[in-house]
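Read-outs throughout are calculated quantities, based only on the coordinates presented, and are distinct from any laboratory measurement. Not measured: the values here are computed from a predicted model. Cβ placement follows ideal geometry from the backbone for every residue including glycine, while neighbour counts extend to all protein chains displayed.
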Amino acid sequence: MAANRLSGPVAAGRREAPPIQRRLPAARRRPRRRPASAALLYLAPAVLLYTLFTVLPALHTGYLSLFDWDGVTLPSFAGLGNYRLVFADPQLRAAAVHAGTLIIFFSALPILFGLVGAALVARHRRRGMGFVRTVLFLPQVVPLVAVGIMWRWVYAEDGVVNQVLRQAGLGEAAQAWLGSFDWALLAVGLIGTWVVSGLCLVLFLSGTQRIDREIYEASRMDGAGPVREFVSITVPLLRPEIAVALSITVIAALASFDLIYTTTGGGPGNSTVVPGILIYRLAFGGGAVGLASALAVVLTAVIFAIVLTLNRLIREVP
Amino acid sequence: MSQHPYPWTGRDLSRRTLLSGFAVTGVAALAGCAALTPGASSTPAAATGPVTTALPADKKIMLKVADADDTSMTPALLEAFQKKHPNVTFERQYTGWDDYLKSINLTMSATTAPDIAQFTPGMQNLIPGGLLLDVSAYGKAYGWPDKFPGLDQITFEPDGKTVGTGALYGVPGGLSFEGVYYNKAKAAELGLTVPVKTVEELEALFVKAKAAGELALVVGNLDGGLNHPFNQLLSVYLKPEDRTAWAFGHKGATIVLPEAKTAAATLKRWVDEGYISPDVNGISDEDATAGFAKGKGVFRISGNWAAAAVAKGLGDDAGYFSMPQATADSKIRTTGAGVYYCVSSKSANAAAAAAFLDFVGSEEAAKITADAGFMAPKADAMPAKTGLLGALQEGWQATVRDKGLQPFIQNASTPTMGDTLKTQLQLLAGGKATVDEFLAGIQADFDNYHK
């Protein structure tokens, strides 16, 4: 922040110009208030791209949500009719419940694993941490479609999970997990945990490096054990990182699509349907682009509300 | 560090400038929205006037082709046609099936729409938009009704919702149909007498296989593969006119019928009795074929697209017979689809495109189609094959003779039926829906679309 304050144009003018600036044309050297339009000029590329590829499509989605449109023929204006349908759809309620359940697997568990892992590592720094970090982060780098297909094999009838169960004499429990009405959501959720945990751990590890080692030493002098250290030092001091992790992972849970699409496609029955799957089905297969857009708008609003609330709660805790 | 690289950030960028910047952005965005008013013209293209079956030989013609045909058929057909008509060149744009399904309507709406496109379920939405060319006149001029089976599957009323009556929009290139594959070695070992003529006899074989500890029928329903035996059982039990009316989305049609109930109950019994794996909902259709080809199970109900994999995996042990029927003297009725080609209403070279469509039904094309593993429209012109492919070919010729090719119920009834049927079949197989609830579930999707 200090650098920022010093570098205002007034401050810059007062400063002795470094030698390189002497060679610049006189007009440029003179301290002068730069017009604000220059700022916009520099912002323009980013603003333009962002507007073109994020803001505009988002607004367009909002606009489309007011129409009955099959994606091909002329649309008819529907007003808020699509939104009424969104809130009346029982399938959507189920989808919302599933997405909520996924928060446990995409957010709660990974953050817990990440915190415990980071605390363990932070206590004893060893060589080779870079390697461990890379391995743990790997699931983040693999495309989710590949992850989904890989886990389909893991959960398959003759997959690794069932092989292990049979080896352990639990062959009775072996089944095609993704096809089970009772287990499919849990199975898909655990894939999410596997993907996101590494991200959380790396995030928290970088956070622990920010924590002064003396604080740990001081607490140890005061007789704090590993658990006490975890609860009283690591977790509170990692709050900013936890806030970031929570935002990213909650969004990943609520907006999940690719993992579900490649593993169960929402099945069996509707037992793993999430809003993302419904939007996709409605817009691209069902010829209900307006309804899909309305659902997308509602989903975005809900995610915004939840993430903002979570962030506020975390920041407010003393 | 004391010199900030961007000295103009901070105080001198006034709040007002920022706000006006955002305002400009917002207005531009809204203007953009208005320009992006969706939808194509809703006036259907005028019916084609007199058409010619002659292809101008002196003019250079370039035809753009879009398809999702992952076999050698489409490229080989294009090449053969080009050899016959050197002034015609093709620019082929292949897309994988799933992506093709989801993007083709947008592709066809573009001003640069391909001249010829593979017709897929969901594209009937293009008809009220006037984006597909009504080729009825070409059909009459070329005599297509005598050359192609299955034209009803690409005949639509102007609303695009009713299939089987109205105007013709294309022709089938390669056709596919379903029947019963079996493992000859296992059948011999278990003392099963095949082929069988009735579903009852087939089920008796299932009982024997099950008693010997074998998986009787290999099915994967993770992505809805139970629809293959279900479609077959509907072909067996449902009256053809009821089947056509429902599968083609005719007004007031229903599947809540006693015959459909028999079909669904038979399927459910096969799951409940363990002829089908209890893990069926967790196995993909592809993996089921792969498993069968590796020697798992005794029977598999699938289409000719699986023939190559099964023949490769089981070798001489690969057997095939036509779907057993309700009674021993019933005509063969089975479910099938095809790679259909349609023409864009925006094509500047419709006559050339129609000439290609006609070529697809020719004797010359039959060989190409058969080599790619499809059944040719001109069934008797297919080069004779031996082994598994020979058995399939015999089945196809019998099906064409009996005029027994029926559409998949999910392909044309409603755009969402694929997903709905998958969901409902998973509920049925998982014991979460009764036969009545299952039929009511798919009927609800139908009523919702054809209200």
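In this simple spin-label model, placing a label point 7 Å from the Cα along the Cα-to-Cβ direction at both B:Ala76 and B:Glu363 gives a separation of 1.8 nm. With the convex hull drawn around the C-alpha atoms of segment A:186-271, the volume per residue stands at 99 Å³. If contacts are Cα pairs under 8 angstrom and at least 6 residues apart, what is the relative contact order of chain B in percent? Relative contact order, chain B: 22 percent. Only beta bridges with both residues in the protein assembly as shown are counted; by DSSP, about 65 percent of them are antiparallel. For segment A:277-318 versus segment B:406-433, the inter-centroid distance based on Cα atoms is 28 Å. Charges were assigned to the Cβ only: +1 to each Lys and Arg, -1 to each Asp and Glu. The resulting dipole of the protein assembly as shown about its Cα centre is roughly 4480 debye. Overall size of chain B from C-alpha positions, given as principal axis extents largest first: 89, 66, 52 Å. Inter-part distance, segment B:323-400 to segment A:63-128, computed on C-alpha centroids, equals 45 Å.
Put a dot 7 Å past the Cα of A:Ala301, heading toward its Cβ, do the same for A:Arg210, and the two dots end up 3.4 nm apart. Remark: relative contact order (segment A:83-316) = 31 percent; criterion is Cα-Cα distance under 8 angstrom and separation of 6 or more residues. Each of A:Leu190, A:Met221, A:Ser293 was scored by the projection of its Cα onto the charge dipole of segment A:83-316, and the greatest displacement toward the positive side belongs to A:Met221; charges sit on the C-beta of Lys, Arg, Asp and Glu. Under a 5 Å amide H cut-off, with hydrogens placed 1.01 Å from N, B:Ala433 pairs with B:Leu428 among residues at least 5 apart or on other chains.
Each pair of Cα atoms in segment B:167-233 enters the Kirkwood radius, and Stokes-Einstein at 37 °C and 0.692 mPa s then converts it into a translational diffusion coefficient of 230 µm²/s.
The angle separating the long axis of helix B:97-109 from the principal Cα axis of greatest extent in chain B is about 40 degrees. Across peptide A:248-255, the mean count of Cβ atoms from other chains lying within 10 Å of each residue's own Cβ comes to 0. Across segment B:246-258, computed HN-Hα scalar couplings (Karplus, 6.51 cos²θ - 1.76 cosθ + 1.60, θ = phi - 60°) run 6, 5, 9, x, 6, 4, x, 6, 9, 10, 7, 10, x Hz from first to last residue, x flagging Gly and Pro.
Here segment A:161-318 is assigned +1 on the Cβ of each Lys and Arg and -1 on the Cβ of each Asp and Glu. Its dipole about the Cα centre then comes out at about 220 debye. The calculated FRET efficiency for the pair A:Ala168 and B:Ala211, based on their C-beta separation and a Förster distance of 35 Å, comes to about 0.70.
Determine the percent antiparallel among the DSSP beta bridges restricted to chain B, to the nearest 5. About 65 percent, rounded to the nearest 5. Couplings 3J(HN,Hα) of segment A:141-149, computed from phi: 7, 5, x, 4, 5, 5, 4, x, 5 Hz, in residue order, whole Hz [Karplus 6.51 cos²θ - 1.76 cosθ + 1.60, θ = phi - 60°; x for Gly and Pro]. For B:Ala444 and A:Leu49, the FRET efficiency from 1/(1 + (r/R0)^6), where r spans their Cβ atoms and R0 equals 51 Å, is about 0.70. The order of B:Thr369, B:Thr198, A:Thr134, going from fewest to most other C-beta atoms within 10 Å of their C-beta, is A:Thr134, B:Thr198, B:Thr369.
Sorted fewest first by neighbouring Cβ atoms within 10 angstrom, A:Cys200, B:Cys342 come out as B:Cys342, A:Cys200.
Stokes-Einstein diffusion of segment A:83-316 at 20 °C, 1.002 mPa s viscosity, Kirkwood radius from Cα pairs, rounded to a whole number: 109 µm²/s.
Sites listed here are chymotrypsin sites (Phe, Trp or Tyr not before Pro) in segment B:92-133 whose DSSP assignment is loop and whose Cβ has at most 10 other Cβ atoms within 10 Å, and the list is empty. The label-point distance for B:Arg401 and A:Val160, in a model that sets each label 7 Å from Cα toward Cβ, rounds to 5.4 nm.
What do you get for the angle between helix B:73-84 and the principal long axis of chain B? Use alpha-carbon atoms, 0 to 90 degrees, nearest ten. For helix B:73-84, the angle is close to 70 degrees.
Sorted largest first, the spans of the alpha carbon positions of the protein assembly as shown along the three principal axes are 99, 73, 48 Å. Using a cutoff of 8 angstrom between alpha carbon atoms and counting only pairs six or more residues apart, the relative contact order for segment A:250-318 works out to 26 percent. The residues B:Phe90, B:Phe408, A:Phe77, when put in order of fewest to most other Cβ atoms within 10 Å, stand as A:Phe77, B:Phe90, B:Phe408. Normalised by 2.2 N^0.38 Å, where N is the number of residues, the alpha-carbon radius of gyration of segment A:79-157 equals 1.69.
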